[in-house]
Amino acid sequence: MRRVAWVVEYEGSAFVGWQRQKNGVSVQGALEGALARHVGVPIAVTAAGRTDSGVHATGQVVHADVPARLPVGALGPGLNRWLPEGVKVRALRQVPGSFDARRSAVSRTYRYRILDTVAPSPLRLQRVWWVKHPLDDEAMMAAATCFQGMRDWSAVRAAGCAATHPVRDIHWTRPVRCGDEIEVEVRANAFLYHMVRNMVAGLVAVGQGKLSVAQMAALLEARRREDWPPTAPAQGLALERVGYPAARLGDLPEFRWGEDRLWAVDPDQEPRKEPS
């Protein structure tokens, strides 16, 4: 066996989420089904992050162990042949056996799109959160400075979160006006359940004038999820990139396929230590 990693893109509205479930088609189920048809034997895959139902990805990273007899290069176009239209492999590479799509990652970047126009956009219905009235994007940019650093993020942690602790290291949060949309990019070492969607809900409340920056900062300090605004909808969110130290990915250029620029390589250094 040898280990292979893929960069996977999917349109989340067609799936019940990343993880296999009994109540519908998951991205994991689609990938494992395609692998089984292409390879001829069942193969389990592991992803960098478990996205929810309706959440999209342009740079999800997945790894699996495949029989050594298989040409690695064929596991890109060959897999796409069996995958549904809503999910496709964009790149692949052979990686060291120690590589783990989830545990080896040192950063994850999400992007959330908000459309603040008086009328909705049918073509973007499944890709944005439509907010009827224009938002104060400058106030949102000021509020975004509250979402940075390593600390307890219990205020934006969903009730069903299974994480052992609420401390995460947010590298940056950047709301940017892009025409009639506001795009919020968030990068962290890892995320709590519904964390980005709850962060965006707070920023939108500031943009609507329902909260001041000081009030939002106080809610974060209080660490009470029940006092926070309701969770933003899933369809505006996409997992954009997963970062790894270069040493973790390895360097086997003869075993690559697709666009190499899709691999997010972070500096080969130890991440800041979290509580155990």
Cut-off of 10 Å, at most 16 other beta carbons, DSSP loop: longest stretch of the chain lacking such GluC sites (Glu not before Pro): 86-258
Global form of region 107-238, assessed from the alpha-carbon gyration tensor, a/c cut-off 1.5: prolate
Mean Cα-pair separation over length for region 107-238, i.e. relative contact order, pairs under 8 Å, 6 or more apart, %: 35
Formal net charge of residues neighbouring M195 (Cβ-Cβ distance under 9 Å; K, R +1; D, E -1): +3
Cα pair distances in the chain, grouped into 5 Å bins until the bin that holds the longest one, percent each: 1, 6, 12, 16, 17, 16, 13, 9, 6, 3, 1, 0, 0
Total formal charge among the other residues, if their Cβ is under 11 angstrom from that of R90, Lys/Arg +1 and Asp/Glu -1: -1
Separation between Cα centres of region 181-225 and region 72-147, rounded to whole Å: 18
Sequence-separation-based contact order of the chain, relative, with Cα cut under 8 Å and 6+ spacing, percent: 24
Value at 222 nm in deg cm²/dmol, rounded to 500, when DSSP H runs of n ≥ 4 in the chain each add -39,500 (n - 2.57): -5500 deg cm²/dmol
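Every number here is computed from the coordinates shown, using simple stated rules; none is lab data. None of the values given here were measured: they were computed from a predicted structure. In this analysis, Cβ positions are derived from the backbone assuming ideal geometry, glycine residues included, and neighbour counts consider all displayed protein chains.
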